[in-house]
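Working notes for the structure below.
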Amino acid sequence: MAEVLVLVDHVDGAVRKPTLELLTLARRIGDPVAVALGAGAEATAGVLGEHGAVKVLTSDAPEFADYLVVPKVDALQAAFEAVSPAAVLVVSSAEGKE
């Protein structure tokens, strides 16, 4: 089955509800692969697994806190190249729209 990347929206490891909804949608397309970035990213793995993520890719690099979007875009692109997903889902937040 094809994999679907889901960019995780979280605050210090507390996953926000829209991300969990995207995981549900991703399961309809294929196998959800969550990409959690920033402080507390590793703490999201348990919740994401409970909601259907078959893999959780995490990174807690300091540049995620220093800059708004560019480092996260670069990390998401690297995850895309590593996984070759059928789709990429991003929460419709201010950061996601950026």
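Within region 1-13, which residues are within 17 Å of Gly96 (Cβ to Cβ) and either of a type in the set (S, T, N, Q) or without any contact (Cβ under 8 Å) to a residue 60 or more places away in the chain (or both)? Spell out the reasoning first.
First pass over region 1-13, keeping only residues within 17 Å of Gly96 (Cβ to Cβ): 4-11.
If the condition is that a residue be within 17 Å of Gly96 (Cβ to Cβ) and either of a type in the set (S, T, N, Q) or without any contact (Cβ under 8 Å) to a residue 60 or more places away in the chain (or both), then Val8, His10, Val11 are the ones that fit.
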For region 81-97, indicate whether the set of residues that are without any contact (Cβ under 8 Å) to a residue 60 or more places away in the chain, open to solvent by less than 70 Å² (accessible area, probe 1.4 Å) and not in a loop (DSSP other than H, G, I, E, B) is non-empty.
no
So, first residue at negative phi in region 69-80, second residue of a type in the set (Ser, Thr, Tyr), Cβ within less than 6 Å, six or more apart or across chains; the pairs are Ala75/Ser59
Do we have Ala14 as surrounded by 23 or more Cβ atoms within 10 Å (Cβ to Cβ) and not polar (S, T, N, Q) here? no
Given the criteria open to solvent by 30 Å² or more (accessible area, probe 1.4 Å), of a type in the set (A, V, I, L, M), at pLDDT 95 or above and under 22 Å from Lys97 (Cβ atoms), does Leu25 qualify?
yes
Checked region 48-58 for anything out of contact with any Ser or Thr (no Cβ under 9 Å at 6 or more places or on another chain) and outside any loop (DSSP other than H, G, I, E, B); matches are Gly49, Glu50, Lys55, Leu57
Flag if Ala34 is open to solvent by less than 10 Å² (accessible area, probe 1.4 Å) and touching a Pro at 6+ places or on another chain (Cβ under 9 Å): no
Yes or no: Leu48 open to solvent by less than 60 Å² (accessible area, probe 1.4 Å), at pLDDT 95 or above and under 14 Å from Gly96 (Cβ atoms)?
no
Is it the case, given these coordinates, that Ala61 is open to solvent by less than 80 Å² (accessible area, probe 1.4 Å), in a loop (DSSP other than H, G, I, E, B) and in contact with a strand residue (DSSP E or B) (Cβ under 9 Å, 6 or more places away or on another chain)? yes
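The values are calculated or read from the model by the stated rules, or taken from the named source; none is laboratory data. These numbers were taken from a predicted model, which means no experiment stands behind them. Don't worry about glycine lacking a Cβ; one is built from the backbone with ideal geometry, like all the others, and counts go over all protein chains shown. To get the accessible areas, we keep the full protein, side chains included, count just its heavy atoms, and leave off ligands, DNA and RNA. Shrake-Rupley method; radii C 1.70, N 1.55, O 1.52, S 1.80 Å.
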